[in-house]
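In what follows, a single structure is set out as structure tokens and then discussed.
What follows is calculated from the coordinates using simple rules that are stated; it is not laboratory data. Fair warning: this is a prediction, and the values are worked out from it, not measured in the lab. A quick note on method: Cβ atoms are made from the backbone with ideal geometry, for glycine too, and the neighbour counts reach across all protein chains shown.
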């Protein structure tokens, strides 16, 4: 059984590892290498690094819809994708005789799109999961084969949920793939009327709106941690906010105003109470706990200032 895998980030690595350990992966398709930092050093996608360790050829087209001849040469029986990063055209879906399977990080039809893990937390979902599905030409609309759910706790961040779902994706694919390959898997159509969407996070969505509820602010901060991270403006400069807690106490103060600083952090007024900021990164400086920032700036200077 000749398998081609299409995936790019660290989320895809456990899935690819599981396939390499159990099947014949004849090729890996990933996004192009990136240049990072001041020195513009070339960084390989995590899936490329794994493929190279196992001497598996890697294909990295700029635009897969225009450049896919390599997939024809590999002649796969099935293509398996997981967080590849580009829309896959019908011409590729038609290549493998057994179709294309996707490992998607949500309970479809909920959270279709490129940022389902971020949005599951940001939008206040209490559960999410993994869905194994057949791909079609539209975004995450194909028939489902299997799914598995996990609770989203108040302790979860993008990082913790990402890592948990990544392992779940590997496990569920390996459980499901035999039935797909022997033809016994049932195809379950999605209820498109129940669909919600998780498009890629835009820059403006990373900004904290303190006029929202404490739960909405809390969910945004943890749903963007550690990257790209939430932000707000203080002293006319952008500050990244990495962690906060919800507080019940309300203040007669404008939303976003710093109403208290204490031994735990910075208390900010929001719509239905307040939040306690505990970890942050001022503009041009390294990440620090809020106490260190308070000690550096001074309590008197902070009280009454307002996050914008």
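Compute the length gained on full extension between residue 235 and residue 163: take 0.36 nm times their separation in residues and subtract their Cα-Cα distance, giving the result in nm to one decimal. Show your work: numbers first, answer last.
Numbers: separation 72, 0.36 × 72 = 25.92 nm, distance 3.54 nm.
Contour length minus Cα-Cα distance gives 22.4 nm.
Take the Cα of residue 63, step 7 Å toward its Cβ, do the same at residue 149, and the gap between the two points is 4.1 nm.
By other beta-carbon atoms within 10 Å, ranking 283, 218 with the fewest at the front produces 283, 218. Let me see the P(r) profile for segment 68-115: every Cα-Cα distance counted, bins of 10 Å, each bin given as a percent of all pairs. P(r) for segment 68-115, in whole percents per bin: 23, 52, 22, 3. How large is log10 I(q)/I(0) at q = 0.27, 0.29, 0.30 Å⁻¹ when the Debye formula is applied to the Cα atoms of segment 159-223, each weighted equally and without solvent? Result of the Debye calculation: -1.13, -1.15, -1.16. Counting neighbouring beta carbons within 10 Å and listing from fewest to most, the residues 163, 33, 252 come out as 252, 33, 163. Residue-normalised convex hull volume from the C-alpha trace of segment 100-185: 80 Å³ per residue. Per-residue ellipticity at 222 nm for the chain, helices alone: DSSP H runs ≥ 4 residues times -39500 (n - 2.57), over residue total, nearest 500 deg cm²/dmol? Result for the chain: -7500 deg cm²/dmol, rounded to the nearest 500.
Rg then Dmax, both in Å and based on the Cα atoms of the chain: 22.3, 70. Across segment 1-129, Cα-Cα pairs farther apart than 26 Å form 25% of the total. Put in order of Cβ neighbour count within 10 Å, fewest first, the listed residues 100, 82 become 100, 82. With the cut-off at under 20 Å, measuring from each backbone N in segment 126-158 to a point 7 Å along the Cα-to-Cβ line of residue 43 picks out 158. With a Förster radius of 51 Å applied to the beta-carbon distance between residue 289 and residue 54, the computed FRET efficiency rounds to 0.80.
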